[in-house]
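The block underneath contains the structure these notes are about, expressed in C-alpha cells.
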Amino acid sequence: MPERRTVALVTLGCARNEVDSEELAGRLAADGWELVEEAADADVAVVNTCGFVEAAKKDSVDALLEANDLKDQGRTQAVVAVGCMAERYGKELAEALPEADGVLGFDDYTDISGRLQTILSGGIHASHTPRDRRKLLPISPAERQDSAGVALPGHAQSGSDEPAAAPEDLPEGVAPASGPRAPLRRRLGSNPVASVKLASGCDRRCSFCAIPSFRGSFISRRPSDVLGETRWLAGQGVKEVMLVSENNTSYGKDLGDIRLLETLLPELAAVDGVERIRVSYLQPAEMRPGLIDVLTGTDKVAPYFDLSFQHSAPGVLRTMRRFGGTDSFLELLETIRGKAPQAGARSNFIVGFPGESESDLAELERFLTEARLDAIGVFGYSDEDGTEAASYEGKVDPDVVAERLARVSRLAEELTAQRAEERIGETVRVLVDRNDDEDGLVGRAAHQAPETDGVTLLSTDLELAPGRMVEAKVVASEGVDLVAEVLSVEGTGCTEEATR
C-alpha cells in the first residue's frame, strides 16, 4: 500500500486564486494525495499567495510564517508557497523567506504532485527567476489559442485540440479534464457558490497595476470548457456560479467574437441545477449595449455590475491610462438601471494617486454621491514594483493619502448604507449561504457577491439548507446588509404562511 501523503491548501486573495487552489487540489487528489482542511494535520501546507498590493503580500508572508510554526508542533513537515506572489518574486521570495521549503511558480502546477514529493523527501526544487509573462504569448490575440507550452492556471494544457487524457480511476469528487483546456478540479468545501474562470491575463496597461506582468496576456477559455466545468459544478451541488478573470468584458476577442459572452451566458443559465450566474470584473470602457441587455434581461443571470472605475476625475484616469469620467460613468449606470432598476453595482477606487489634487478628490466624491453604488472598496495608493506609476513625479504625501483614504472610506460607508436603506420594500431572490448561531439564516440577493457586498439576513421559521433559493421582502437594513422576510421557497411550492 502506498504511503499516506496529506496536503492542506491555504488560499489567500481573490476568487481566481480559489479556482487555482481547486485545480491544484484536483491534480493532487488524482495522484493519491489526501486533502485535509487544517495545515496542522498535513504533511505539506501549500499557501496560495496573493501578490496584488502590499497588504495582501504581507498577509501572504504571515500565512507562510504561521504555517512554518506548525513544523515544530505536529505533523507538518514542509511549507510551500504557490500563487501570484510566488510567481511574481520567485527566487527573490525564496531567498527572503527561508522558512518556505519551496516557492513554486505557475509552470510547476502541471507537476505539483512531483514537486511536493521532492520537497517532502528533503530535496530542493530551484525557484524560478521571475519573467514578464506577457511575452510568453503572441502579441496578436488571435494567435494565442494555438500557443503550446505556456502554463495557464485554470486552463490546464494549451496548444492542443485533443481532449486531455484524464488519469484512470479518478477519486470521487475530482472533475475529469474533459477538454483541451479543462483542468482537473476538486472542490475545497461545500459552499453552494463556486467560481469558474472565463479567461486569464490582461491586455490593459493600467499604470498602477502589475498583474499582467505575472499573470500574462489575455487568453479566453473555450465556451465548451466553461460549460463543461459549470455542469460538473452543478453536479457537485453548486447553485451559483461566478465567472471570473482579470477582465471579463474582453472574453472572446482571441476566439474571433468579442460578443461571445452574450451568447455564452444564456447557455450557462440553462445548466440544470444552476440557480444563478454572476459575472465579475467588468471594464466600464468595454461595456457594450448587447452585454448590458443580456446581464439585465436573462433569467438566472444576476443583474450585477462589478465595474472597475478606479477613479472618476478625467485627469487622474488618463494618468492611470484609463478612460471615462464622472459624467460618462453616471450615464452608464443610468442605462443599466433604466433596464433593471434593482440592478446591483459595485466598484473599487484608488485615492492619493500621483498628481491627484483636491479638486480631483472632490470630483470622485461627486461621482460616489450620485452613483448609488451598493458596495465600494477604497484603497490608498502605494507604489507597486515594476509599474509605470512607481516612476511618476507628483507623489502625494503618505499622510495626505492616509487622510484621503479615511475621508473617502467614511463617505463610502455612509453612501452604501443609504443605498441598502433604499432597497427596503423590494422583493429579492436570495440564495441561502449558511445558518449559524450568531446571525441565523444568511443569504445573498442578486446584488450581493460573496465576501464583498454584504449579506441578507433572513427572517423565517423554516429550516433551510445552504443552496436553497427563496423569495423575500426587504424590511430593514443594517449598514450594507439587508433584513428580509421569506415569502416563499423555490422548488417546494410552499410559502411562509403555509408553514405556520
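The values are calculated or read from the model by the stated rules, or taken from the named source; none is laboratory data. Since this is a predicted model, take the numbers as computed values, not measurements. Neighbour counts are summed over all protein chains in view; Cβ atoms, including those assigned to glycine, are modelled from backbone coordinates with ideal geometry. Each accessible area value is taken on the protein alone, full model and side chains, heavy atoms only, with ligands, DNA and RNA left out. Shrake-Rupley method; radii C 1.70, N 1.55, O 1.52, S 1.80 Å.
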Please count how many residues of segment 15-74 are within 20 Å of Asn191 (Cβ to Cβ), in a loop (DSSP other than H, G, I, E, B) and open to solvent by less than 40 Å² (accessible area, probe 1.4 Å).
2
Hits in segment 299-332 - residues which are without any contact (Cβ under 8 Å) to a residue 40 or more places away in the chain and among the hydrophobic types (A, V, I, L, M, F, W, C):
Val301, Leu317, Phe323
I'd like the residue in segment 386-412 that is loosely packed, with under 14 Cβ neighbours inside 10 Å and of a type in the set (D, E, K, R) and, out of all such residues, is modelled with the lowest pLDDT.
Glu393
From the list Glu87, Glu143, which one is open to solvent by 30 Å² or more (accessible area, probe 1.4 Å), out of contact with any strand residue (DSSP E or B) (no Cβ under 7 Å at 6 or more places or on another chain) and of a type in the set (D, E, K, R)?
Glu143
Residues satisfying the stated conditions in segment 459-481, i.e. assigned to a strand (DSSP E or B) and either within 14 Å of Gly443 (Cβ to Cβ) or open to solvent by 80 Å² or more (accessible area, probe 1.4 Å) (or both):
Ser459, Met469, Val470, Glu471, Ala472, Lys473, Val474, Glu478, Asp481
In segment 345-385, what residues are open to solvent by 30 Å² or more (accessible area, probe 1.4 Å), part of a loop (DSSP other than H, G, I, E, B) and of a type in the set (Gly, Ala, Ser)?
Gly355, Ser357, Ser382
Cβ pairs under 6 Å, 6+ apart or interchain, first in segment 66-83 and over 14 Å from Val36 (Cα atoms), second open to solvent by less than 30 Å² (accessible area, probe 1.4 Å) and part of a loop (DSSP other than H, G, I, E, B), ordered by first then second residue, are Leu70/Thr76; Gln77/Asp43; Val79/Ala100; Ala81/Ala100; Val82/Leu104
Do the conditions hold for Asp327, that is, is it open to solvent by 20 Å² or more (accessible area, probe 1.4 Å), over 24 Å from the mean Cα position of the chain (by Cα), of a type in the set (Asp, Glu) and over 22 Å from Glu403 (Cβ atoms)?
yes
Which numbered condition Asp254 fails, given (1) in a helix (DSSP H, G or I); (2) surrounded by 18 or more Cβ atoms within 10 Å (Cβ to Cβ); (3) at pLDDT 95 or above
(3)
Do we have any residue at all in segment 301-311 that's open to solvent by 20 Å² or more (accessible area, probe 1.4 Å) and more than 26 Å from the chain's Cα centre (by Cα)?
no
Starting from segment 461-484, keep only residues that are hydroxyl-bearing (Ser, Thr, Tyr), then list their pairs with residues that are modelled with pLDDT of 95 or more whose Cβ atoms are within a distance under 6 Å, requiring at least 6 positions of separation or different chains.
Ser477/Ala420; Ser477/Glu421
